[in-house]
Amino acid sequence: MDNLLIDNIRRRNRTNTRLKYIIIAGAVITVVPIFLIVGNLALKGYRQINLAFFTEPAPDTFQAMMAASSGEVIPGGIANGLTGSLLMVIIASLVSIPLGLMTGVYLYENGTKRYASFIRSLTEILQGVPSIILGIIAYLWVVRNITRGYSALAGSTALTIMMLPLIIRSTEETMKMIPVTIREAAFALGTPYYKMIIKVLIPVSFSGLATGVLLALSRILGETAPLMLTALGSPSVSLDVTRPVSAVPLLIWDFYNDPNMVNLVWSASLFLMVFVLSMNLLSRSIASKHKYI
Amino acid sequence: MSDTHTTEPVLKIEGLSIAYEPGRYAVKDVSATVRRNSITAIMGPSGCGKSTLLRAMNRMHELYPNIETRGDILLDGKSIFPMSVIELRRKVGMVFQRPNPFPNMTIYENVVAGYSLNDIRLKKNQRDEIVENALRNVTLWDEVKEFLFRKGTFLSGGQQQRLCVARAIAFNPEVLLLDEPTSALDPIATSKIEDLLGELKKKYTIVLVTHNMSQAARISDDSMFMYLGELVEAGRTETLFTTPKDARTEAYLTGKFG
Ligand SMILES: Nc1ncnc2c1ncn2[C@@H]1O[C@H](COP(=O)(O)OP(=O)(O)O)[C@@H](O)[C@H]1O
Ligand SMILES: [Mg+2]
């Protein structure tokens, strides 16, 4: 009897140890590529990262060729891409963050009604649409009809349509985790409905909402395909929403297509990767700091 | 029995019926009174409509969209239904079964939440005073005065529940409604809450839903016994427990169902 028990425990311990190693191996397999990518990019791209990299627009082919042939650092940087990305992301955020939060709260509050489930299905479908198709839609709506040419506004439109479903879903999912008793506590104090939403639901779920928004942002920051059909790209810094602008991922594509600018591919990619990674880390730190539910 | 009628009751329930779905009544034609500065216990087996009746007293039952209410409830002689819910809920506060402090707020903020959520501006010294008074009244002050600015959720369950009582009385209500406030607590925390209610009835009128008969016997002055939505029997706790008039009350008190 005793021997059987000891045998049993031994077997369980062995299974336990084996599983532990499998889990560690899994973790290593996931983490190593990230370090390899960042390390590789850093090694190949660090030389280009200096002040000019952030303050000067992309060089033209001739400048790049001259530098490349004499083995110097390629002049210029990604300022036109940075400003273009920033411009489009800000416009997309101004529309999609409030609209997405409101729609998410609406869906949560009216979850079972028929038009709510209709909007929810629409959101789910939208989330699955390939981004290039959203680019084509923005092209048809904005490029053809509104700005009558490639423009930052068209790019923002495509990015807005991408961000919206992400924010709506994360908002609704976050709200679902708030216990009903918290709402009741607010109502029992006479709090009107809209104040309950603004002063209780949103602050209580702040970490989830912020995480959703930041993940949506980091998702669209790297989008290239829809911007090719909308923002097009621009060699100089421009803040005119009705004109074409560049974006960091568009620049990476441009650099890639010019054999003299390969070095800039690495540094621009390094920048984008580090930026998106820090957004993720930031969202994690916010999530843990303001986590109430 | 006689002095029940010497003072105007705080709450007067008249022919109250409540249905969550048309035709299915959770509370059936209930008429009752609640005396000032007393503890009234509402007892009965689970599902008999205790919570529904209690929540009607500050119109929390109206949160359900298809609810149907007939009859009336008078607070100090005036019907509560034409009142604004803000005004009503300031006069009739509520504490729930599970402690539910706002998780994003500090202990201090939780106590004055009724004011901040309704945009009622207070001076800092007024706020400090309300917080200290409310926390003293629920015997929590000495335990938390060092950490007023920590989150309320860091307290133990019993402390959280007392914080919720403090949040309700910070509004200085007339009536305090409690729906099984100790059912999620351990015996020590429970007895603290019970002692507290005995103190609080000097200032407030208390209506307490409980499925714990001995609790009702220990702390209440008046009792109501409900069964299947009906108010079977109501009266002084002592009378109701020693000489119940209705066979169903007797069956419940002797543990035949429930
Ligand atoms: N939200 C609701 N929707 C439909 N029926 C409900 C709801 N809440 C309670 N009821 C029904 O009303 C009756 C009384 O419930 P309740 O007042 O919660 O009883 P108690 O508090 O005495 O356990 C029960 O039959 C219950 O099923
Ligand atoms: Mg109940």
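Worth a mention:
- Candidates A:ALA152, A:ALA185, A:ALA158, A:ALA116, filtered to the one that is farther than 23 Å from A:LEU221 by Cβ and crowded, with 22+ Cβ neighbours inside 10 Å: A:ALA185
- The one condition in (1) modelled with pLDDT under 90; (2) under 21 Å from A:TRP253 (Cα atoms); (3) open to solvent by 70 Å² or more (accessible area, probe 1.4 Å) that A:LEU86 fails to fulfil: (1)
- Residue check, B:SER31 touching a Lys or Arg at 6+ places or on another chain (Cβ under 9 Å) and either more than 14 Å from chain A (Cβ to nearest Cβ) or part of a helix (DSSP H, G or I) (or both): yes
- Among the residues making up region A:100-151, those that are assigned to a helix (DSSP H, G or I), small (Gly, Ala, Ser) and in contact (Cβ under 8 Å) with a residue 60 or more places away in the chain are A:GLY100, A:GLY104, A:SER131, A:GLY135, A:ALA138.
- Residue in region A:94-106 that is more than 26 Å from A:LEU153 (Cβ to Cβ), buried (at least 16 other Cβ atoms within 10 Å of the Cβ) and assigned by TED's automatic domain parsing to the domain that holds A:ASN260 present: yes
- Selection status of A:VAL180, open to solvent by 30 Å² or more (accessible area, probe 1.4 Å), assigned by TED's automatic domain parsing to the domain that holds A:ILE119 and over 30 Å from A:SER238 (Cβ atoms): yes
- Restricting region A:193-232 to residues that are part of a loop (DSSP other than H, G, I, E, B) and in contact (Cβ under 8 Å) with a residue 60 or more places away in the chain leaves a set whose member that is farthest from the other protein chains (Cβ to nearest Cβ) is A:LEU229.
- Residues satisfying the stated conditions in region B:195-220, i.e. open to solvent by 10 Å² or more (accessible area, probe 1.4 Å), of a type outside the set (A, V, I, L, M) and in contact with a Ser or Thr (Cβ under 7 Å, 6 or more places away or on another chain): B:LYS201, B:HIS211, B:SER220
- Some residue of region B:182-199 being within 14 Å of another protein chain (Cβ to nearest Cβ), farther than 29 Å from B:GLY49 by Cβ and among the aliphatic types (A, V, I, L, M): no
- Taking region A:44-68 as the range and being free of Cβ contacts under 8 Å to residues at least 40 places away in the same chain and open to solvent by 50 Å² or more (accessible area, probe 1.4 Å) as the test, the residues that pass are A:ASN50, A:LEU51, A:PHE54, A:THR55, A:GLU56, A:PHE62, A:GLN63, A:MET66.
- Filter pass, A:ALA268 being assigned to a helix (DSSP H, G or I) and either charged (D, E, K, R) or more than 14 Å from every other protein chain (Cβ to nearest Cβ) (or both): yes
- Candidate set: region B:21-41, residues that are more than 15 Å from B:PRO9 (Cβ to Cβ) and aliphatic (A, V, I, L, M); chosen: the one nearest to ligand 1 (Cβ to nearest atom): B:ALA26
- Filtered residues of region A:56-80 (kept if under 20 Å from A:VAL276 (Cα atoms) and not in a loop (DSSP other than H, G, I, E, B)): A:ALA79, A:ASN80
- Verdict on B:LEU177 being within 16 Å of ligand 1 (Cβ to nearest atom), open to solvent by less than 70 Å² (accessible area, probe 1.4 Å) and either away from chain A (no Cβ under 13 Å) or among the hydrophobic types (A, V, I, L, M, F, W, C) (or both): yes
- Condition met for B:ALA189 (within 26 Å of B:VAL27 (Cα to Cα) and either open to solvent by 10 Å² or more (accessible area, probe 1.4 Å) or within 16 Å of ligand 2 (Cβ to nearest atom) (or both)): no
- Single condition B:TYR115 does not satisfy, out of (1) aromatic (Phe, Trp, Tyr); (2) open to solvent by 60 Å² or more (accessible area, probe 1.4 Å); (3) within 14 Å of chain A (Cβ to nearest Cβ): (2)
- One residue from A:ALA154, A:ALA158 being assigned to a helix (DSSP H, G or I), assigned by TED's automatic domain parsing to the domain that holds A:LEU86 and in contact with a Pro (Cβ under 7 Å, 6 or more places away or on another chain): A:ALA158
- Residues in region B:167-181 that are away from ligand 2 (no atom under 16 Å from the Cβ) and closer than 21 Å to B:SER51 by Cα: B:ARG167, B:ALA168, B:ILE169, B:PRO173, B:GLU174, B:VAL175, B:LEU176.
- Selection count where residues are among the β-branched types (Val, Ile, Thr) and more than 16 Å from ligand 2 (Cβ to nearest atom), scope region B:41-87: 5
- Residue tally, condition within 9 Å of ligand 1 (Cβ to nearest atom), in contact with a Lys or Arg (Cβ under 8 Å, 6 or more places away or on another chain) and within 14 Å of chain A (Cβ to nearest Cβ), over region B:42-61: 1
- Entirely in region B:184-258, the helices (runs of 4 or more DSSP H) that have 3 or more residues that are within 16 Å of ligand 1 (Cβ to nearest atom) and in contact (Cβ under 8 Å) with a residue 24 or more places away in the chain: B:213-219
The values are calculated or read from the model by the stated rules, or taken from the named source; none is laboratory data. Being a predicted model, the structure only gives us computed values, none of them experimental. Cβ sites come from the backbone with ideal geometry, for glycine too, and all protein chains shown count toward neighbours. Surface accessibility is based on the protein's heavy atoms, side chains included, excluding ligands, DNA and RNA. Shrake-Rupley method; radii C 1.70, N 1.55, O 1.52, S 1.80 Å.
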